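Q: What follows is a single structure, and I will ask about it in a moment.
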Amino acid sequence: MKTPKSTDSDPALSRVLGEWRVDGDLPASFASGVWRRIALEEGCGVESGGLLRRFLSWVDCWVRRPLGAASCLAVFLAFGVVAGMWRAETVTRDTEAAWQQAYIHSVSPVAEALSR
């Protein structure tokens, strides 16, 4: 099996490749056109149907992109942290109230009769 020729062994080719420059710029809509073609290829085109179906299709396509997935992860992570803090604060408040009542009842036996 023959190995492909390396450009290192051909100094003339290396010189030409080193001098080669691309002239011209990409059109402004190039990136959006690429994403549109990728979306069409993945089946993320606009679906017919109700508003909810179209919205869910849009969300599905958006989450498939790296930025969309990272955004969803950040939102869910923030939601989890906030929900966990809220729950921990509720449990702490309830536990603290129970300990206070237990302390009051242990110090003053009359407090138990008064709290009823």
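Derivation of every value follows stated rules applied to the coordinates shown; laboratory data play no part. None of these values were measured; they are calculated from a predicted model. With ideal geometry, Cβ positions are generated from the backbone for all residues, glycine too; neighbour counts draw on all protein chains shown.
Q: Among the residues of the stretch 54-94, write down those that are of a type outside the set (F, W, Y), under 30 Å from I38 (Cβ atoms) and more than 12 Å from the chain's Cα centre (by Cα).
A: Across the stretch 54-94, the qualifying residues are R54, L56, S57, V59, D60, C61.
Q: Is one or more of the residues making up the stretch 35-45 of a type in the set (D, E) and either in contact with a Lys or Arg (Cβ under 6 Å, 6 or more places away or on another chain) or surrounded by 11 or more Cβ atoms within 10 Å (Cβ to Cβ) (or both)?
A: The initial filter retains those residues of the stretch 35-45 that are of a type in the set (D, E), namely 41-42.
Filter once more, so that each one left must be either in contact with a Lys or Arg (Cβ under 6 Å, 6 or more places away or on another chain) or surrounded by 11 or more Cβ atoms within 10 Å (Cβ to Cβ) (or both): 42.
Yes, because at least one residue in the stretch 35-45 is of a type in the set (D, E) and either in contact with a Lys or Arg (Cβ under 6 Å, 6 or more places away or on another chain) or surrounded by 11 or more Cβ atoms within 10 Å (Cβ to Cβ) (or both).
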